Amino acid sequence: MKRNGLCFIMSLDLHVVLFEPEIPQNTGNIARTCACTGATLHLVEPMGFRATQRNMKRAGLDYWDKVTIVRHASVQQFLEEYAGKQMFFFTGKAHSSYCERVYEGEVYLIFGRESRGIDDEVLQAHADECVRIPMRSGLRSLNLSNACALGVYEVLRQNNFEGLDEEGRG
């Protein structure tokens, strides 16, 4: 990676964290993004669906065996275990755009549930780590899987798509 004319060798370790996801199809799409990019997927309970083989296969098709998944019992447990890590909380309530941040090393992109996002007390406790995706006024949010894909690919873009095949598929 080059910054200010200097070369740095960084190893990217990308994590996508879903706080209490509610829709299995979104989780499946996000798992597919994680599989294609090498990101680890963290699922934080309670989830709005049962993680049965049938639900997972239908939601993620044939990508579940190609993604590393870490399960967590609660938001609080996750926050305690990963305290001090480089975390970015995606919310429409933030003032800073996700494109204004620098992502390098071990990065955790955190997304809330589809219906209510991330709880206000968590956002307040991590106010300096909150980012938003710019969009038109009056609209609440993008689909969760689309928001995750934007965040993941911004991190990868900033890191020269480290570890990804940039050749076309003829």
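If I ask for residues that are basic (Lys, Arg) and under 18 Å from Cys34 (Cβ atoms), which ones from segment 78-112 would you list?
Applying the first criterion (basic (Lys, Arg)) to segment 78-112 yields 85, 93, 101.
Within segment 78-112, just Lys85 meets the criteria.
Of the residues in segment 78-101, how many are open to solvent by less than 60 Å² (accessible area, probe 1.4 Å), more than 14 Å from Cys130 (Cα to Cα) and not aromatic (Phe, Trp, Tyr)?
Qualifying residue count for the region: 1.
The values are calculated or read from the model by the stated rules, or taken from the named source; none is laboratory data. No experiment lies behind these values; they were computed from the predicted model shown. Neighbour counts are summed over all protein chains in view; Cβ atoms, including those assigned to glycine, are modelled from backbone coordinates with ideal geometry. Just the protein is used for accessible areas: all its heavy atoms, side chains included, with ligands, DNA and RNA removed. Shrake-Rupley method; radii C 1.70, N 1.55, O 1.52, S 1.80 Å.
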